[in-house]
1. Look at the range A:155-195 and say how many of its residues are open to solvent by 80 Å² or more (accessible area, probe 1.4 Å), in a helix (DSSP H, G or I) and within 25 Å of residue B:171 (Cβ to Cβ).
2. I'm trying to understand the selection: among the residues of the range B:256-304, which are in a loop (DSSP other than H, G, I, E, B), open to solvent by 30 Å² or more (accessible area, probe 1.4 Å), farther than 23 Å from residue B:228 by Cβ and of a type outside the set (Ser, Thr, Tyr)?
3. Restricting the range A:499-513 to residues that are of a type outside the set (Phe, Trp, Tyr) and open to solvent by 20 Å² or more (accessible area, probe 1.4 Å), which is farthest from the other protein chains (Cβ to nearest Cβ)?
4. Could you name every one of the strands (runs of 3 or more DSSP E) located completely within the range A:288-387 that has at least 1 residues being closer than 25 Å to residue A:471 by Cα and out of contact with any Asp or Glu (no Cβ under 9 Å at 6 or more places or on another chain)?
5. Considering only the range A:470-480, state which residues are open to solvent by 10 Å² or more (accessible area, probe 1.4 Å) and touching a strand residue (DSSP E or B) at 6+ places or on another chain (Cβ under 7 Å).
6. Can you give me the number of residues within the range B:58-73 that are of a type outside the set (Asp, Glu) and in a loop (DSSP other than H, G, I, E, B)?
7. Restricting the search to the range B:47-57, which residues are assigned to a helix (DSSP H, G or I) and open to solvent by 10 Å² or more (accessible area, probe 1.4 Å)?
8. Can you confirm whether residue B:72 is over 20 Å from the mean Cα position of the chain (by Cα), surrounded by fewer than 20 Cβ atoms within 10 Å (Cβ to Cβ), closer than 30 Å to residue B:166 by Cα and not polar (S, T, N, Q)?
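The values are calculated or read from the model by the stated rules, or taken from the named source; none is laboratory data. Bear in mind that the values here come from a model prediction, so they are computed numbers and not experimental data. Neighbour counts run over all protein chains shown; Cβ positions are idealised from the backbone, glycine included. What goes into the accessible areas is simple: the full protein's heavy atoms, side chains included, and nothing from ligands, DNA or RNA. Shrake-Rupley method; radii C 1.70, N 1.55, O 1.52, S 1.80 Å.
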Amino acid sequence: MLRYDSTSSSAGSSSGSLSSSSSSSKPPQQDIDGLLAGAGYKVRSSELRQVAQRLERLETAMGNSPADFSQLASDAILYNPSDLACWVDSLLTEFAEPPPTCSSDFIVDPVNNQTVVNSAWTAAEPHTPQVHQNITYDEQQSLDNQLTVVTAMEEDSGIRLVHMLMTCAECVQSGDLSLATSLIDDMQGLLTHVNTICGIGKVAGHFIDALSRRIFQGMGGGSVNGGSAFENEILYHHFYEACPYLKFAHFTANQAILEAFDGHDCVHVVDFNLMHGLQWPALIQALALRPGGPPLLRLTGIGPPPPDGRDSLREIGLRLAELARSVNVRFAFRGVAASRLEDVKPWMLQVNPKEAVAVNSIMQLHRLLGCEQTRNSPIDTVLSWIRGLNPKIMTVVEQEANHNQPGFLDRFTEALYYYSTMFDSLEACRIQPEKALAEIYIQREIGNVVSCEGSARVERHEPLAKWRRRLSGAGFRALRLGSNAFKQASMLLTLFSAEGYSVEENEGCLSLGWHSSPLIAASAWQAVPAWDNHMSSS
Amino acid sequence: MAGSNEVNLNECKMVVPLNTWVLISSFKLAYNLLRRPDGTFNRHLAEFLDRKVPANLNPVDGVFSFDVLIDRATGLLCRIYRPATAEEPEPNIVELEKPVVGDVVPVIIFFHGGSFAHSSANSAIYDTLCRRLVGICKAVVVSVNYRRAPENRYPCAYDDGWTAFKWVNSRSWLQSRKDSKVHIYLAGDSSGGNIAHHVAARAVESGIDVLGNILLNPMFGGQERTESEKRLDGKYFVTLRDRDWYWRAFLPEGENRDHPACNPFGPNGRSLEGIKFPKSLVVVAGLDLIQDWQLAYVEGLRKAGKEVKLLYMEQATIGFYLLPNNNHFHTVMDEISEFVSSDC
C-alpha cells in the first residue's frame, strides 16, 4: 500500500523554519542558523557561542556523575527538543541540584497554604520496565499470509483506479458531469478486478460512492449522511476500540489536564462532545490517586439532544458519578444538549469563577469552520467565549489533514491520501465487529468531506499549523506537551496496538500517525491574559 | 582508565565550525542519555528527541519524496527521493512510480547511520543528505528505515537491507532504458556503511549486480585495540566505551567484536577473492578513532583484488558530511558524484 504526504514544506512540521514566510504569522527570523535549521534545530546564530558553552558545562557535569545520567534521563521531563538552548538548560537544571528523594521534596503553595509535591519528582508508579519495540504477534503473521497477495496486474489496476478517481474529481470540479458519470461506471467495473477486502480497492470503493452521491444529488444538496445520534455513538465507540487514535487523544488530553489541575481543589471540565464519556473514567481515577487527595470535580458534557426523549447525557453522567463515588472523588455532572456547538452559550456551562476550568475539544472545533465569510463566524464566537472562561487549559485534538480547502480537487486528493493511510492502519485491527463498524465510521467522514457542501459539510479538518495560527490569533498561547506525555503515549501504543503506529513531537504538540504519516494531532492551550500585549505563539 | 574518559573539549572545537560542533555535541549528549549501562536503550526518549521531517511530494530544490511500506510483516519503510522533472514539476499521486527517464539512471540505496541504534530514514539530517545525493548524482535515492539495535540485533538490519535491495531491483519503474535493468549503488554512513558492505556481499552471492559501494566513515571494529582507538579515544566526540556499547547492542549476545559482521576481514571473516564484489569508495575521517579498522577494511578489499578508492580526510571528524560548511564535505560530494557518473 502506498503512502504519501502532500503537506507543503512550510512551518508546522519538525523540519525547522526552512521556508516559514508563507505560513507563519510572524516575520521569519533572519538570525536562525540555516544549517542547524535543516537538521531540525532552532538556534540563533548570535546565540551559538552561548549554546556551545552550555553544552560544555553540561558535558562536564555529566562527566562528574555518569551513573546518574541514564536514571535522570528516565525521570526528567524534557520539552521542545528543537529549541536546543532550552533543552540543554533543562538538562543543566537536572544536573545542578543533587536528585532529591521523592517523599521529602515539597514546595509550599502560597495561595492555598498547602504543601504540594513537586510534580517533576513524583513517581507514583515504580520504574516501569522498558517495553521492547517489537512485540511479535504470531497471529498477525499467519493472518498476513492469508491476505491476498497483490499480483502485478492488481497493482496496475489499483493505480489505474486512482488515476480515474483523480480525473473524475477533476471533472466534478470543472462541472463536466457527464464525463464524471461515465468514469463512475468505468471505476465500478474496474473494482471487480481489484481486491476490495483491503488496500486501495477498499478505500477506492468508498471514494467512488461518495463521488457518485455528490454527482447525483447535485451540489449543496448532499445529505449529512449521518445516522441518528445513537448510531453515531455506536460507530464512534467501535472506532475507539478498533484503533488507537481516540485513545491517544484521550490520554494525551487527560495527562495535560491532570497537570493543569495540579494544586487546585475545585476543578471543572467542559467536554465539547461527551459521547459515552469514554475519556473520563481515566481522569477520575488519576485524580483519585493524586497526592494530597482529589479535588471536587465537575464535568459538563455537551452532546446532541436525543430524539427519543431519553436523557442519554444524564445516564452517562450517572455512570461516571457511580465510578467517582467508588474511588472517593466528589463529583458533579451537568449535561448540555445542543445540536451544534455554536448553539451553546457560556452561561449554560455555569462556570464558577473560583474553579480551575479545562475545556476539552476532541475533533469538534473543525465543525465550526463553515460559513467563514460572515463576520462573527461560529469559530470566532466560540473561541471568544472560551477565552472569556479563562480556562487553565484547553485541550485540542484534531485530524491532521487539510480537508477544508476551497478547491474540490485539492480536498479530494488530500482526503484520498489521508483516508488511504487510515484504512491501511485499520488493517492491523483483528477484532470484529469493531473493525467493520470503525470502517463505517470513517466511511461517513469520507462521505461528508467529498459529497457535502455548505452547512452540511462539517468535517472541515485543518492541519495543526493552521490551528496554531488560528488559536494564537484568537488570544491563546500553546502549553507544551513534554517527553513524559510522549513516553506514555508511546508505551500505551506498544501495549494496546499493532506495530506501525508512531508518536511524534512537534514543537510542543504530539501527533499519532501510521508509518510516519501523522493522522491526528494533540495540543494544549491557555488564554493569554487580556492585559498582556505580547501575543506570543511558542 | 581515567585518561581515556577525559573529554578534551578544546581540541575538537578547533577543527570544526561552531555550528557543526554544537550539532554533534548535542547528539553526543543526547546519546549519552539514551544508552543504559545494562545494555538497554531509552527508545521513547530517543524518538522524542530525534528531529524528523515528513516526506514531501512538493519538490524542494528539485527533489520530492514519498514513503513506501515494502514489507508489512516487519513494518519496513523506505523513503524514496526523486528529481522533479521539467514536464511534471508537481507530481501527483499517480506520478510517483512513473518510470525513470534516462538511458542510465543510478539508483542509490542509502542506509543511514546511528551506530545501529539511533536515527531513522526520516531523521532531518538524513533527509537532507539524501536530497543532496539526488542532486549531485542525478539519481533516485531509496533510504531504508531498517530495524535498530538493541531491540533488533544482527542480522535484522542486514535482512532489512536485503529486502529493500530485492524490492528496488524488482521495480520496473526504476529500470534504466539502456538495458532494462536497475542500476544499483549501495551507500551508507557509520552503521549504514557497514550494512552496505554486507548487503553488497549478499547481492553478488545471489548473482545480482551492484555497480558500486559508497561507505562514509563506515562502522567496523575488532576485538584488538588499535593505535588510532587508543590515541583518539574521547578526543573528537567519540569514546571507545560508547563504540563497545553499540557493538554489544548489535552483535548476538555472547559474541565478541571479531564477529564477521563487525570485522569482515578479521579472524572469522571471509576473503572476497574470486567474488564479483563491486568497486568501493571509502571515506575515512582522520580524526575518527576507528580509522584503523576502516583502513584495514580497505586493505582487505585490495588484497582480494577489488577496486577501491580511499578518501582519507585528515582533519575531518565524524559527521563532517552532515553540514556543507567545510572543505571535506565538498571534496567528498564531488568524488561521490564522479564515482556514480563514471558508469553513465
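1. Of the residues in the range A:155-195, 4 are open to solvent by 80 Å² or more (accessible area, probe 1.4 Å), in a helix (DSSP H, G or I) and within 25 Å of residue B:171 (Cβ to Cβ).
2. Result: B:270, B:273, B:274, B:275, B:276.
3. Initial filter on the range A:499-513 (of a type outside the set (Phe, Trp, Tyr)): A:499-500, A:502-513.
Filter once more, keeping what is open to solvent by 20 Å² or more (accessible area, probe 1.4 Å): A:499, A:502, A:504, A:506-507.
Details: A:499: 5, A:502: 7, A:504: 6, A:506: 9, A:507: 11 Å.
Looking at the filtered set, the residue picked out is A:507.
4. Working: elements: A:296-303, A:331-337, A:356-362.
The strands (runs of 3 or more DSSP E) meeting that bar are A:331-337, A:356-362.
5. Start the filter on the range A:470-480 by keeping residues that are open to solvent by 10 Å² or more (accessible area, probe 1.4 Å), which leaves A:470, A:472-474, A:477-480.
Across the range A:470-480, the qualifying residues are A:477, A:478, A:479.
6. So the first thing to find is which residues in the range B:58-73 are of a type outside the set (Asp, Glu), and the list is B:58-60, B:62-66, B:68-70, B:72-73.
Narrowing the set further to residues that are in a loop (DSSP other than H, G, I, E, B) leaves B:58-59, B:62, B:72-73.
Looking only at that region, the number is 5.
7. First pass over the range B:47-57, keeping only residues assigned to a helix (DSSP H, G or I): B:47-49.
The answer is B:47, B:49.
8. On the way: over 20 Å from the mean Cα position of the chain (by Cα): yes; surrounded by fewer than 20 Cβ atoms within 10 Å (Cβ to Cβ): yes; closer than 30 Å to residue B:166 by Cα: yes; not polar (S, T, N, Q): yes.
Spelling it out, residue B:72 is indeed over 20 Å from the mean Cα position of the chain (by Cα), surrounded by fewer than 20 Cβ atoms within 10 Å (Cβ to Cβ), closer than 30 Å to residue B:166 by Cα and not polar (S, T, N, Q).
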